[in-house]
1. For Ala161, all conditions in the list (1) modelled with pLDDT under 80; (2) assigned to a loop (DSSP other than H, G, I, E, B) hold save one; what is the number of the exception?
2. Pairs under 7 Å by beta carbon, first residue charged (D, E, K, R) in the stretch 181-202, partner in a loop (DSSP other than H, G, I, E, B) and surrounded by fewer than 18 Cβ atoms within 10 Å (Cβ to Cβ), six or more apart or different chains?
3. Of these, Ala187, Ala208, Ala183, which one is modelled with pLDDT of 85 or more, surrounded by fewer than 22 Cβ atoms within 10 Å (Cβ to Cβ) and either assigned by TED's automatic domain parsing to the domain that holds Leu61 or not basic (Lys, Arg) (or both)?
4. Among the residues of the stretch 92-121, write down those that are farther than 11 Å from Val134 by Cα and out of contact with any Phe, Trp or Tyr (no Cβ under 9 Å at 6 or more places or on another chain).
5. Evaluate the following for Ala203: is it outside any strand (DSSP E or B), modelled with pLDDT under 65 and of a type outside the set (Phe, Trp, Tyr)?
6. So which residues in the stretch 125-143 are buried (at least 16 other Cβ atoms within 10 Å of the Cβ) and modelled with pLDDT under 95?
7. Picking from Leu106, Leu49, Leu61, which residue would you name as being within 15 Å of the chain's Cα centre (by Cα), crowded, with 19+ Cβ neighbours inside 10 Å and closer than 19 Å to Leu177 by Cβ?
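The values are calculated or read from the model by the stated rules, or taken from the named source; none is laboratory data. Being a predicted model, the structure only gives us computed values, none of them experimental. Glycine also receives a Cβ, built like all others from the backbone with ideal geometry; neighbour counts cover every protein chain displayed.
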Amino acid sequence: IIGYAELVEEELGDDAAADDLRKIQGAGQHLLAIIADILDLSRVEAGKLSITREPVSLPELIAELRATVSPILKRNNDALEIDRPAELSVVTTDRLRLKQILLNLLSNAAKYTENGTVTLRLRALASGGTRFDVEDTGIGVEPAALERIFDDFAQADNSFARQYDGAGLGLSLSRRLARLLGAQLSATSERGRGSTFSLTLPAEPPNAETGPALDAE
């Protein structure tokens, strides 16, 4: 469906129908992302998700994240700021899963922020680990709802589900993936002022192996 819509859009160019086709593509990509999250969540819970270790270039990873999240930022008139010390250029972890977690966090931040700023802040820790903070100036979350947003199919408020697209799987999956990396994923927020999601990677990641099954929270 997505591929066919892209082909037809190319033929139509700037025709009015092209806008409808772009909406079809967006809906298709959204559905594809939900299916991918469900499959990954199933693999994590079954202990069948393989984790690797490799040096990850942070400048390259950040460039990929910026390119991927830019359509959402543009749609909501958001700015993306990157705060990375020059000396912090490489981490050792599973590149695919680190990218998946950060992309989920950045996409959420952009989705729930309008005419604001999303910031990706990196810091080297005294322990030798690395912390990634994704900050936004968006709608925020009530403190009492913070832990609930990491539950499967959860959003902080049912009204958000109607206003913002999402199945409520991204944060649940991200926390499970973080655990497989030996990392911690936490959040702080204030309703109406924005949120900060913090991913803390350890200096020594777990050995490359299939991660253990995790109980649903």
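1. (2)
2. So the pair list comes out as Arg191/Glu142.
3. Values: Ala208 fails: modelled with pLDDT of 85 or more; Ala183 fails: surrounded by fewer than 22 Cβ atoms within 10 Å (Cβ to Cβ).
Exactly one of Ala187, Ala208, Ala183 is modelled with pLDDT of 85 or more, surrounded by fewer than 22 Cβ atoms within 10 Å (Cβ to Cβ) and either assigned by TED's automatic domain parsing to the domain that holds Leu61 or not basic (Lys, Arg) (or both), namely Ala187.
4. Thr92, Thr93, Asp94, Arg95, Leu96, Arg97, Lys99, Gln100, Thr113, Glu114, Asn115, Gly116
5. So Ala203 fails the test.
6. Ile139, Gly140, Val141, listed by residue number.
7. Leu106
The rows are residues; the columns are (1) without any contact (Cβ under 8 Å) to a residue 60 or more places away in the chain; (2) outside the structural domain of Asp151 (by TED's automatic domain parsing); (3) among the basic types (Lys, Arg).
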residue	(1), (2), (3)
Ile35	yes, yes, no
Ser70	yes, no, no
Glu81	yes, no, no
Arg95	yes, no, yes
Leu103	yes, no, no
Tyr112	no, no, no
Gly138	yes, no, no
